[in-house]
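The values are calculated or read from the model by the stated rules, or taken from the named source; none is laboratory data. Here the structure is a predicted model, which is why all the values come from computation and not from measurement. So basically every Cβ, Gly included, is an ideal-geometry build from the backbone, and we count neighbours across all protein chains shown.
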Amino acid sequence: MAAYLILAALLVAVIYLIMIYNGLVSCKNNVAKAWANIDVLLKQRHDELPKLIDTCKQYMQYEQAALEKIIQARSQVASARETQNIPALGNAEAQLRSGLGNLFALAEAYPELKANEQFQHLQARISGLENTIADRREFYNESVNIYNTRTELFPDVLIAQMFHFTAKEMLRFNSVELEDVDVARRFN
């Protein structure tokens, strides 16, 4: 009888450890899924930006610096995305969003550009992608937070260490993104 109780307790312990392991795997896969969702949107925006820049070039001969800033930031985002370098991606994203904000503000000075149907479509498409990226970024950070918390809680930490579940990096806001927006400066 005692042997059955010991065997039953051991079986319960093994099932519990399996449940912890499976929970950690599920959390890790949620982080990967959240990253994949962001990656798809970043790729879509990456593909749309050259069209926007080409449209703007037709009208904005004197604003090449603004366009070059976007091109450079787009390249940095692509590089960070491909290597999954989360801190570099956060910085590159901040530069790209700042450049896009400046570009859209500069477009106000070009009535022909503002009235261009392709520009309006691309501006709406990129703005929509920006909003969706922000939502997915929030989901990614929440998934990372849940995963990192699980890998630090007892007894999960024992399984996490045994199977090398390492902490994931959150997408952090760049200090530029946290500053107040000077709307008047954007129109000058």
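Could you tell me how many of the residues in the range 109-126 are in contact with a Phe, Trp or Tyr (Cβ under 7 Å, 6 or more places away or on another chain) and exposed (fewer than 15 other Cβ atoms within 10 Å of the Cβ)?
So the count comes out to 1.
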Checking Leu129, Leu106, Leu153, Leu158 in turn, the sole residue that is of a type outside the set (Phe, Trp, Tyr), more than 19 Å from Gln76 (Cβ to Cβ) and surrounded by 14 or more Cβ atoms within 10 Å (Cβ to Cβ) turns out to be Leu106
Which members of the range 142-159 meet the condition of being closer than 18 Å to Val31 by Cα and of a type in the set (Phe, Trp, Tyr)? Tyr147
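Only residues that are among the hydrophobic types (A, V, I, L, M, F, W, C) and more than 14 Å from the chain's Cα centre (by Cα): list them for the range 71-90, please.
Ile71, Ala73, listed by residue number.
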For residues that are modelled with pLDDT under 90 and either of a type in the set (A, V, I, L, M, F, W, C) or outside any loop (DSSP other than H, G, I, E, B) (or both), tally how many sit in the range 157-186. 11
For the range 110-125, indicate whether the set of residues that are modelled with pLDDT of 90 or more and under 22 Å from Ala32 (Cα atoms) is non-empty. no
Those residues that are surrounded by 13 or more Cβ atoms within 10 Å (Cβ to Cβ), of a type outside the set (A, V, I, L, M, F, W, C) and more than 27 Å from Arg136 (Cβ to Cβ), I need them from the range 1-42; list them, please. Tyr21
Just to be sure I understand, how many residues within the range 43-70 are surrounded by fewer than 18 Cβ atoms within 10 Å (Cβ to Cβ) and of a type in the set (A, V, I, L, M)? 1
Residues satisfying the stated conditions in the range 139-156, i.e. in contact (Cβ under 8 Å) with a residue 60 or more places away in the chain and outside any helix (DSSP H, G or I): Pro155
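Return a yes/no flag: does the range 13-27 have any residue that is polar (S, T, N, Q), modelled with pLDDT of 90 or more and within 25 Å of the chain's Cα centre (by Cα).
Looking for residues that are polar (S, T, N, Q), modelled with pLDDT of 90 or more and within 25 Å of the chain's Cα centre (by Cα), one finds at least one in the range 13-27, hence yes.
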